[in-house]
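Heads up, the thing below is written out as structure tokens.
The values are calculated or read from the model by the stated rules, or taken from the named source; none is laboratory data. Keep in mind that this is a model prediction, so the values were computed, not measured. No Cβ is skipped: glycine too gets one built from the backbone with ideal geometry, and neighbour counts run over all protein chains shown. Just the protein is used for accessible areas: all its heavy atoms, side chains included, with ligands, DNA and RNA removed. Shrake-Rupley method; radii C 1.70, N 1.55, O 1.52, S 1.80 Å.
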Amino acid sequence: AEQASAAEAIEAGRHREAELQQRLDDLSEGLSAEKAAAATAAAVASASLAASAARTRELEQALEAEQASAAEAIEAGRHREAELQQRLDDLSEGLSAEKAAAATAAAVASASLAASAARTRELEQALEAEQASAA
């Protein structure tokens, strides 16, 4: 009986050992699958990060180019504005000089006209006096 009990205990131990081995194998397979999935996820994340970094560099380069272009356009606009302001100043000075010359010419013409009118009155008076003395 003692041998039978010992044999049963040995058989139960072997059975329990087989169950534990099976559970250990199942866990090992599960961990391997999880490890493979984690490795795949890490590779996908790494590729995504690399693509994101490349896109960020592209956007930074585009932004730098756009900023350089905008700075050039601003500088060209300022240069053009300065040229136009100089032309406006030159035209304004020219118009002022022409305005002064026109005012001087108008004053000379007015004085000449006044002198001519006075001379005309003198001649008319002299003619009237001649006519009166002839009559």
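Pairing residues of segment 37-61 that are open to solvent by less than 90 Å² (accessible area, probe 1.4 Å) with residues that are at pLDDT 95 or above and part of a helix (DSSP H, G or I), at Cβ distances under 6 Å and at least 6 apart in sequence or on separate chains, gives no pairs at all.
Can you spot a residue in segment 91-114 that is among the aliphatic types (A, V, I, L, M), open to solvent by 100 Å² or more (accessible area, probe 1.4 Å) and over 60 Å from the mean Cα position of the chain (by Cα)? Scanning segment 91-114 turns up at least one residue that is among the aliphatic types (A, V, I, L, M), open to solvent by 100 Å² or more (accessible area, probe 1.4 Å) and over 60 Å from the mean Cα position of the chain (by Cα).
Take HIS79 and tell me if it is at pLDDT 95 or above and not polar (S, T, N, Q). Yes, satisfied. Is it the case that ALA7 is of a type outside the set (Asp, Glu), in a helix (DSSP H, G or I), surrounded by 10 or more Cβ atoms within 10 Å (Cβ to Cβ) and modelled with pLDDT under 90? Here the answer is yes, as ALA7 does meet what is asked.
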